[in-house]
Amino acid sequence: MFKHHVRVENVYADDPEGTRVRAEILKIHAVTPEVSLIKYAAEQIQAGQVLGMPTDTFYGLAADPFNLRAVERVYEIKSRLRHKPLSLLIENVDQAEEFARPLPDDFHLLARRFWPGPLTMIVPAASHLPLKVTANTGNVALRVPAAEIPLAVVRAAKIPITATSANLSGATECTTAEQVREQLQDRISMIVDGGKSPRTMSSTIVHFREDGTWQILREGAIPAKDIIEALS
């Protein structure tokens, strides 16, 4: 359909009848994403597909968080426990306020300092967010990535997208589209290839409780001391 749209039809050696097809690779320029290809990827997500997607950390699994079947597929693809909530990639702080209950001042301080970037903030979820996304925790994890491809897809799809890492639970995170395809094999039908991940560390996770207090749950690409300094 598009000149950059390459479908790989190779079958697996242990599948001589060709019933398992390797994931399609959709190459998109990481800095200046092609509009037609972004639209194509966004349409796949809107149609309920789960895509491998580059972020500013590792590759993630992108799906429509309001499509419960798509969310269930994310858990199936990863073999992920259902009690672990999924993180969402969003466009900006305004979108964060759509999916969370009133956000504390400290949330806004960190957003101004570190977004777009590798900071995931867990906050109390808005009531209209599906319980399956929050894994019945009442919380949602949000991030504005410093990466053009996922931001462009979020804008084109007009919805946030899931962002849990594109790997089997407990396995190594993937930094290239080829690694995603090798690890997930026929569990996923399409992977957006935006080149090698710019970082080799996960995002830092900060949890804001209902009372406004906070806790660093995981130190990642942003050092804990930078978080503490920003909030002190």
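The values are calculated or read from the model by the stated rules, or taken from the named source; none is laboratory data. Owing to the predicted nature of the structure, the values given are computational and were not obtained by experimental measurement. Neighbour counts run over all protein chains shown; Cβ positions are idealised from the backbone, glycine included.
Taking the range 119-212 and the strands (runs of 3 or more DSSP E) fully enclosed by it, the elements with 1 or more residues that are in contact with a Lys or Arg (Cβ under 9 Å, 6 or more places away or on another chain) and farther than 26 Å from Q46 by Cβ are at 119-124, 204-208.
The set of residues from the range 140-161 being surrounded by fewer than 21 Cβ atoms within 10 Å (Cβ to Cβ) and touching an Asp or Glu at 6+ places or on another chain (Cβ under 9 Å) comprises A146, R155, A156, A157, I159.
Return the only residue of A166, A156, A141, A96 being under 25 Å from Q49 (Cα atoms), out of contact with any Leu (no Cβ under 9 Å at 6 or more places or on another chain) and either of a type in the set (S, T, N, Q) or in contact (Cβ under 8 Å) with a residue 12 or more places away in the chain (or both). Residue meeting the stated conditions: A156.
Would a scan of the range 45-61 turn up a residue that is surrounded by fewer than 17 Cβ atoms within 10 Å (Cβ to Cβ), modelled with pLDDT of 95 or more and part of a helix (DSSP H, G or I)? Yes - at least one qualifying residue is present in the range 45-61. Is it true that L110 is in contact (Cβ under 8 Å) with a residue 60 or more places away in the chain, crowded, with 20+ Cβ neighbours inside 10 Å and either part of a helix (DSSP H, G or I) or touching a helix residue (DSSP H, G or I) at 6+ places or on another chain (Cβ under 6 Å) (or both)? Yes. Of everything in the range 98-121 that is in contact with a Pro (Cβ under 8 Å, 6 or more places away or on another chain) and among the hydrophobic types (A, V, I, L, M, F, W, C), the residue that is farthest from V154 (Cα to Cα) is A100.
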